[in-house]
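Novice: Take this structure, written in C-alpha coordinates, and hold onto it; I'll ask about it next.
The values are calculated or read from the model by the stated rules, or taken from the named source; none is laboratory data. Here the structure is a predicted model, which is why all the values come from computation and not from measurement. FYI the Cβ positions are ideal-geometry reconstructions off the backbone, even for glycines, and counts take in every protein chain you see. We work out accessible area using only protein heavy atoms, side chains counted, and drop any ligands, DNA or RNA first. Shrake-Rupley method; radii C 1.70, N 1.55, O 1.52, S 1.80 Å.
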Amino acid sequence: MKARVLIADDASFMRQMIREIIEPEGYEVVGEATDGMEAVEQYEQLHPDLVTMDIVMPKRSGIDAVKGILEKTPDAQVVMCSALGQETLVMEALQAGAKDFIVKPFKPDNVLSTLAKVLEKKSED
Amino acid sequence: MGLDMAKYRRLFLEEAAEHLSEISTALLALEKDRGASEGIDVIFRMAHSIKSMAASLEYGSIADLAHALEDRMEGVRARGCIDDGAELASLFRGLEGLEAMVAVVRETGEAPPPQVELVESMRAESESLKKKALS
(Lines give C-alpha, C1' and ligand atoms only; values in the text may rest on other atoms or scores of the structure.)
Protein backbone atom coordinates (compact mmCIF):
# COMPACT_ATOMS: atom_id res chain seq x y z
CA MET A 1 0.00 0.00 0.00
CA LYS A 2 1.21 3.49 -0.85
CA ALA A 3 2.22 5.58 2.16
CA ARG A 4 0.24 8.83 2.24
CA VAL A 5 2.35 11.90 2.96
CA LEU A 6 1.55 15.48 3.95
CA ILE A 7 4.30 17.99 3.09
CA ALA A 8 4.46 21.12 5.26
CA ASP A 9 6.83 23.86 4.12
CA ASP A 10 6.28 27.53 3.38
CA ALA A 11 8.59 27.39 0.34
CA SER A 12 7.06 25.98 -2.83
CA PHE A 13 10.63 25.16 -3.91
CA MET A 14 11.06 22.76 -0.99
CA ARG A 15 7.59 21.23 -1.28
CA GLN A 16 8.18 20.45 -4.94
CA MET A 17 11.60 19.01 -4.24
CA ILE A 18 10.29 16.60 -1.60
CA ARG A 19 7.39 15.63 -3.87
CA GLU A 20 9.76 14.97 -6.76
CA ILE A 21 11.99 12.82 -4.56
CA ILE A 22 9.30 10.67 -2.98
CA GLU A 23 6.55 10.24 -5.61
CA PRO A 24 8.63 8.10 -8.00
CA GLU A 25 9.32 5.80 -5.06
CA GLY A 26 5.62 5.08 -4.56
CA TYR A 27 4.65 7.63 -1.92
CA GLU A 28 1.37 9.45 -2.41
CA VAL A 29 1.45 13.16 -1.54
CA VAL A 30 -2.04 13.78 -0.18
CA GLY A 31 -1.58 17.40 0.82
CA GLU A 32 0.72 20.40 1.00
CA ALA A 33 0.60 22.89 3.88
CA THR A 34 2.25 26.29 3.64
CA ASP A 35 2.32 27.16 7.34
CA GLY A 36 2.14 25.44 10.71
CA MET A 37 -1.53 26.17 11.21
CA GLU A 38 -2.45 24.61 7.85
CA ALA A 39 -0.28 21.60 8.71
CA VAL A 40 -2.32 20.86 11.82
CA GLU A 41 -5.63 21.45 10.01
CA GLN A 42 -4.68 19.28 7.05
CA TYR A 43 -3.40 16.53 9.32
CA GLU A 44 -6.79 16.36 11.01
CA GLN A 45 -8.59 16.25 7.65
CA LEU A 46 -6.29 13.90 5.76
CA HIS A 47 -4.82 11.59 8.42
CA PRO A 48 -1.64 10.93 6.42
CA ASP A 49 0.75 8.11 7.32
CA LEU A 50 3.59 10.60 7.63
CA VAL A 51 4.25 14.34 7.67
CA THR A 52 7.42 16.13 6.54
CA MET A 53 7.49 19.29 8.60
CA ASP A 54 9.67 22.35 8.06
CA ILE A 55 10.80 23.97 11.30
CA VAL A 56 10.66 27.65 10.32
CA MET A 57 7.17 28.52 9.07
CA PRO A 58 4.74 31.40 9.49
CA LYS A 59 1.66 31.50 11.75
CA ARG A 60 2.71 28.44 13.72
CA SER A 61 6.26 27.09 13.76
CA GLY A 62 6.95 23.50 12.75
CA ILE A 63 7.68 22.58 16.37
CA ASP A 64 4.41 24.10 17.53
CA ALA A 65 2.59 22.27 14.72
CA VAL A 66 4.14 18.93 15.80
CA LYS A 67 2.84 19.55 19.31
CA GLY A 68 -0.59 20.41 17.90
CA ILE A 69 -0.74 17.24 15.83
CA LEU A 70 0.52 14.96 18.60
CA GLU A 71 -1.91 16.42 21.10
CA LYS A 72 -4.77 14.84 19.13
CA THR A 73 -2.89 11.95 17.50
CA PRO A 74 -0.13 10.73 19.79
CA ASP A 75 1.12 8.13 17.31
CA ALA A 76 1.47 10.58 14.39
CA GLN A 77 4.64 10.11 12.37
CA VAL A 78 6.34 13.45 11.80
CA VAL A 79 9.77 13.94 10.20
CA MET A 80 11.30 17.40 10.65
CA CYS A 81 13.05 19.25 7.82
CA SER A 82 15.89 21.26 9.25
CA ALA A 83 18.70 23.40 7.96
CA LEU A 84 22.29 23.95 8.98
CA GLY A 85 22.52 25.60 12.38
CA GLN A 86 19.15 24.38 13.67
CA GLU A 87 20.45 21.59 15.92
CA THR A 88 18.80 23.03 19.04
CA LEU A 89 15.44 23.32 17.30
CA VAL A 90 15.74 19.76 15.96
CA MET A 91 16.36 18.49 19.49
CA GLU A 92 13.33 20.41 20.70
CA ALA A 93 11.20 18.88 17.93
CA LEU A 94 12.40 15.35 18.72
CA GLN A 95 11.67 15.89 22.40
CA ALA A 96 8.20 17.11 21.40
CA GLY A 97 7.62 13.78 19.63
CA ALA A 98 8.89 14.12 16.06
CA LYS A 99 10.26 10.76 14.92
CA ASP A 100 13.30 11.83 12.92
CA PHE A 101 14.71 14.65 10.80
CA ILE A 102 16.13 15.33 7.36
CA VAL A 103 18.59 18.11 6.67
CA LYS A 104 18.46 20.69 3.87
CA PRO A 105 19.85 20.70 1.26
CA PHE A 106 17.97 17.44 0.71
CA LYS A 107 19.85 14.39 -0.46
CA PRO A 108 17.29 12.12 -2.15
CA ASP A 109 18.78 8.92 -0.69
CA ASN A 110 18.75 10.38 2.80
CA VAL A 111 15.15 11.59 2.48
CA LEU A 112 13.96 8.20 1.22
CA SER A 113 15.85 6.15 3.80
CA THR A 114 14.63 8.33 6.67
CA LEU A 115 10.99 8.13 5.60
CA ALA A 116 11.26 4.37 5.04
CA LYS A 117 12.87 3.88 8.46
CA VAL A 118 10.14 5.86 10.25
CA LEU A 119 7.34 4.00 8.47
CA GLU A 120 9.01 0.63 9.05
CA LYS A 121 9.33 1.35 12.76
CA LYS A 122 5.68 2.38 12.89
CA SER A 123 4.60 -0.92 11.30
CA GLU A 124 6.68 -2.87 13.84
CA ASP A 125 5.08 -1.10 16.83
CA MET B 1 17.91 10.09 -8.91
CA GLY B 2 18.28 13.25 -11.01
CA LEU B 3 16.23 16.31 -10.14
CA ASP B 4 15.49 18.88 -12.84
CA MET B 5 17.76 21.60 -11.46
CA ALA B 6 16.85 24.08 -14.23
CA LYS B 7 13.29 23.97 -12.90
CA TYR B 8 14.52 24.62 -9.36
CA ARG B 9 16.69 27.50 -10.54
CA ARG B 10 13.58 29.13 -12.05
CA LEU B 11 11.65 28.51 -8.85
CA PHE B 12 14.51 29.94 -6.82
CA LEU B 13 14.55 33.13 -8.89
CA GLU B 14 10.78 33.55 -8.50
CA GLU B 15 10.69 32.83 -4.78
CA ALA B 16 13.87 34.74 -3.96
CA ALA B 17 12.49 37.84 -5.73
CA GLU B 18 9.33 37.61 -3.61
CA HIS B 19 11.30 37.04 -0.42
CA LEU B 20 13.65 39.95 -1.10
CA SER B 21 10.67 42.20 -1.73
CA GLU B 22 9.15 41.08 1.59
CA ILE B 23 12.45 41.77 3.38
CA SER B 24 12.55 45.24 1.84
CA THR B 25 8.98 46.00 2.93
CA ALA B 26 9.72 44.70 6.43
CA LEU B 27 12.88 46.83 6.72
CA LEU B 28 10.95 49.93 5.69
CA ALA B 29 8.37 49.12 8.38
CA LEU B 30 11.19 48.68 10.91
CA GLU B 31 12.57 52.05 9.91
CA LYS B 32 9.32 53.55 11.22
CA ASP B 33 8.84 51.20 14.17
CA ARG B 34 11.98 49.42 15.41
CA GLY B 35 9.89 46.99 17.46
CA ALA B 36 7.64 45.80 14.60
CA SER B 37 7.73 42.12 15.55
CA GLU B 38 6.03 40.93 12.37
CA GLY B 39 8.72 42.60 10.28
CA ILE B 40 11.49 41.04 12.38
CA ASP B 41 9.92 37.61 11.98
CA VAL B 42 9.44 38.03 8.22
CA ILE B 43 13.08 38.96 7.61
CA PHE B 44 14.26 35.98 9.69
CA ARG B 45 12.03 33.53 7.82
CA MET B 46 12.77 34.93 4.37
CA ALA B 47 16.53 34.83 4.96
CA HIS B 48 16.16 31.24 6.22
CA SER B 49 14.20 30.25 3.14
CA ILE B 50 16.66 31.86 0.71
CA LYS B 51 19.50 30.09 2.55
CA SER B 52 17.86 26.67 2.14
CA MET B 53 16.98 27.16 -1.52
CA ALA B 54 20.44 28.51 -2.36
CA ALA B 55 22.13 25.62 -0.56
CA SER B 56 19.97 23.16 -2.52
CA LEU B 57 21.25 24.68 -5.76
CA GLU B 58 24.83 24.79 -4.46
CA TYR B 59 24.93 28.58 -4.51
CA GLY B 60 27.13 28.58 -1.44
CA SER B 61 27.89 32.31 -1.59
CA ILE B 62 24.18 33.20 -1.44
CA ALA B 63 23.56 30.62 1.28
CA ASP B 64 26.41 32.11 3.34
CA LEU B 65 25.07 35.66 3.17
CA ALA B 66 21.47 34.57 3.80
CA HIS B 67 22.71 32.53 6.77
CA ALA B 68 24.57 35.56 8.13
CA LEU B 69 21.40 37.67 7.78
CA GLU B 70 19.32 34.94 9.42
CA ASP B 71 21.74 34.75 12.36
CA ARG B 72 21.73 38.53 12.62
CA MET B 73 17.93 38.48 12.79
CA GLU B 74 17.96 35.74 15.41
CA GLY B 75 19.71 38.22 17.71
CA VAL B 76 17.20 40.92 16.82
CA ARG B 77 14.32 38.49 17.48
CA ALA B 78 15.76 37.63 20.89
CA ARG B 79 16.01 41.32 21.75
CA GLY B 80 12.59 42.12 20.27
CA CYS B 81 13.59 45.25 18.39
CA ILE B 82 16.13 46.92 16.14
CA ASP B 83 18.77 48.55 18.30
CA ASP B 84 19.67 51.63 16.29
CA GLY B 85 20.13 53.14 12.85
CA ALA B 86 23.47 51.40 12.40
CA GLU B 87 21.84 48.00 12.86
CA LEU B 88 19.14 48.87 10.38
CA ALA B 89 21.78 50.04 7.89
CA SER B 90 23.60 46.73 8.29
CA LEU B 91 20.39 44.81 7.53
CA PHE B 92 19.80 46.96 4.44
CA ARG B 93 23.34 46.12 3.30
CA GLY B 94 22.52 42.44 3.74
CA LEU B 95 19.41 42.87 1.61
CA GLU B 96 21.31 44.74 -1.10
CA GLY B 97 23.99 42.07 -1.11
CA LEU B 98 21.43 39.32 -1.60
CA GLU B 99 19.65 41.29 -4.32
CA ALA B 100 22.92 41.72 -6.20
CA MET B 101 23.75 38.02 -5.90
CA VAL B 102 20.32 36.86 -7.06
CA ALA B 103 20.64 39.25 -10.02
CA VAL B 104 23.88 37.49 -10.99
CA VAL B 105 22.08 34.13 -11.01
CA ARG B 106 19.27 35.63 -13.09
CA GLU B 107 21.70 37.10 -15.61
CA THR B 108 24.31 34.37 -15.84
CA GLY B 109 22.73 31.22 -14.41
CA GLU B 110 25.91 30.81 -12.39
CA ALA B 111 26.71 31.03 -8.68
CA PRO B 112 27.76 34.59 -7.79
CA PRO B 113 31.16 35.30 -6.24
CA PRO B 114 31.16 35.47 -2.43
CA GLN B 115 30.69 38.78 -0.59
CA VAL B 116 33.30 37.95 2.00
CA GLU B 117 33.53 41.34 3.72
CA LEU B 118 29.77 41.72 4.08
CA VAL B 119 29.33 38.19 5.43
CA GLU B 120 32.21 38.59 7.88
CA SER B 121 30.96 41.95 9.15
CA MET B 122 27.45 40.54 9.67
CA ARG B 123 28.86 37.50 11.47
CA ALA B 124 30.99 39.74 13.68
CA GLU B 125 27.92 41.83 14.54
CA SER B 126 25.97 38.67 15.42
CA GLU B 127 28.77 37.46 17.67
CA SER B 128 29.00 40.80 19.39
CA LEU B 129 25.23 40.77 19.90
CA LYS B 130 25.39 37.28 21.44
CA LYS B 131 28.20 38.33 23.81
CA LYS B 132 26.25 41.42 24.81
CA ALA B 133 23.16 39.32 25.52
CA LEU B 134 25.18 36.94 27.71
CA SER B 135 26.96 39.66 29.70
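Novice: Per residue in region B:45-69, which ones lose no less than 20 Å² of accessible surface when going from chain alone to all protein chains (1.4 Å probe)?
Specialist: B:ARG45, B:HIS48, B:SER49, B:LYS51, B:SER52, B:MET53, B:ALA55, B:SER56, B:HIS67
Novice: Mind checking which aspartates and glutamates have their C-alpha under 14 Å from A:LYS122, skipping anything on the same chain fewer than 8 residues away?
Specialist: Cross-link targets: A:ASP49, A:ASP75, A:ASP100.
Novice: Further, regarding this structure: Hey, can you find the accessible area per residue of region B:3-134 for me, probe 1.4 Å, expressed in square angstrom?
Specialist: 47
Novice: When 1/r is averaged over all different Cα pairs and the result inverted, which Kirkwood radius in Å belongs to region B:3-134?
Specialist: Evaluated on region B:3-134, it is 14.7 Å.
Novice: Enter the Cα centre distance for the pair region B:101-135 and region A:88-124, rounded to the nearest angstrom.
Specialist: 30
Novice: Say R0 is 30 Å: what FRET efficiency, to the nearest 0.05, do B:LYS132 and B:GLU22 get from their beta-carbon distance?
Specialist: The calculated FRET efficiency here is 0.60.
Novice: Now for a separate question. Sort A:88-97, B:56-65 by the packing proxy (mean of other Cβ within 10 Å over each peptide's residues), most packed first.
Specialist: B:56-65, A:88-97
Novice: Given a cut-off of 19 Å, name the pairs among A:LYS2/A:LYS121; A:LYS107/B:LYS51; A:LYS99/B:LYS51; A:LYS59/A:LYS99; A:LYS107/B:LYS7; A:LYS99/A:LYS121 whose C-alpha atoms lie farther apart than that in the structure shown.
Specialist: A:LYS99/B:LYS51; A:LYS59/A:LYS99, as the Cα separations exceed 19 Å there.
Novice: Sticking with this one: If you take the accessible area of A alone, add that of B alone, and subtract the area of the pair, what total do you get in Å², probe 1.4 Å, to the nearest 100?
Specialist: 1800
Novice: Cα-based Rg (one decimal) and Dmax (whole number) for chain A, in Å?
Specialist: In Å, with Rg to one decimal and Dmax whole: 12.8, 36.
Novice: Then there's this: Quick one: grab Rg to one decimal and Dmax as a whole number for the protein assembly as shown, Cα atoms only, in Å.
Specialist: Using the Cα atoms of the protein assembly as shown, the pair Rg, Dmax is 18.7, 58 Å.
Novice: A further question on this structure: Taking all protein chains as present, what is the carbon and sulfur share of the accessible area of region B:3-134, in % to the nearest whole number, probe 1.4 Å?
Specialist: Roughly 50 percent of what the probe reaches on region B:3-134 is carbon or sulfur.
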